[in-house]
């Protein structure tokens with residue numbers, strides 16, 4: 001098992017961050033890492049995620065949304081087509097710090113046989129993608145645009 005964890009503080013309220021995170025149709029407008037999501041932010045729904053890593057790798061996944069806690073947490077779980085090879089649970093948690101200040105914790109927990117094979121790529125390329133996404137989310141949330 002391997003976990004990537006990033007976080008960023010954002011000067012706005014949890015509701016605004018939640019609106020941005022859960023509006024999959026607008027990811028292409030602001031997100032440099034997950035540049036497209038097809039589907040709905042609804043527990044049990046299958047979504048299609050398109051990512052572009054800072055290293056230029058394009059990937060497509062079809063995870064299932066596993067948890068929606070309005071204004072607080074969004075999760076999805078992707079599994080490889082070969083059981084036990086590589087699974088990833090993507091987790092966004094919004095922590096209210098003050099009335100107009102939140103912390104976004106952005107994580108992914110990987111497990112399966114291929115986790116160690118992709119370990120270095122996860123530590124560099126994917127982590128950089130998380131950080132770029134966090135910064136873009138912060139910029140969008142702190143602006144007047146939603």
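The values are calculated or read from the model by the stated rules, or taken from the named source; none is laboratory data. This structure is a prediction, so every number in the text was calculated from the model and none was measured. Quick reminder, even Gly has a Cβ in these numbers, built from the backbone with ideal geometry, and neighbours come from all protein chains shown.
Structure values in brief
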read-out: Of all residues making up the range 62-77, the number that are touching a residue at least 24 places away in the same chain (Cβ under 8 Å) and not in a loop (DSSP other than H, G, I, E, B); value: 5
read-out: Among the residues listed as 141, 136, the single one being modelled with pLDDT of 95 or more, touching a strand residue (DSSP E or B) at 6+ places or on another chain (Cβ under 9 Å) and within 17 Å of residue 24 (Cα to Cα); value: 141
read-out: Among the candidates 59, 103, residue that is part of a strand (DSSP E or B), in contact with a strand residue (DSSP E or B) (Cβ under 9 Å, 6 or more places away or on another chain), within 20 Å of residue 131 (Cβ to Cβ) and free of Cβ contacts under 8 Å to residues at least 40 places away in the same chain; value: 59
read-out: Odd one out for residue 21 among (1) outside any helix (DSSP H, G or I); (2) closer than 17 Å to residue 89 by Cβ; (3) under 13 Å from the mean Cα position of the chain (by Cα); value: (1)
read-out: One residue from 8, 47 being in contact (Cβ under 8 Å) with a residue 24 or more places away in the chain and over 24 Å from residue 86 (Cβ atoms); value: 8
read-out: So residue 4, is it in contact with a helix residue (DSSP H, G or I) (Cβ under 9 Å, 6 or more places away or on another chain) and assigned to a strand (DSSP E or B); value: yes
read-out: Hits in the range 24-52 - residues which are part of a loop (DSSP other than H, G, I, E, B) and under 18 Å from residue 76 (Cβ atoms); value: 31, 33, 39, 40, 41, 42, 43, 44, 45, 47
read-out: Leading residue by the ranking (farthest from the chain's Cα centre (by Cα)) among those in the range 46-60 that are within 17 Å of residue 89 (Cβ to Cβ) and surrounded by 14 or more Cβ atoms within 10 Å (Cβ to Cβ); value: 47
read-out: In the range 8-30, the residues that are touching a strand residue (DSSP E or B) at 6+ places or on another chain (Cβ under 9 Å) and surrounded by 14 or more Cβ atoms within 10 Å (Cβ to Cβ); value: 8, 10, 12, 13, 14, 16, 17, 18, 21, 22, 24, 27
read-out: Index of the failed condition, residue 127 passing every other in (1) modelled with pLDDT of 95 or more; (2) within 19 Å of the chain's Cα centre (by Cα); value: (1)
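Table: residues versus (1) at pLDDT below 95; (2) touching a helix residue (DSSP H, G or I) at 6+ places or on another chain (Cβ under 9 Å); (3) farther than 22 Å from residue 36 by Cα.
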site	(1), (2), (3)
73	no, no, no
80	yes, no, no
114	yes, no, yes
120	yes, no, yes
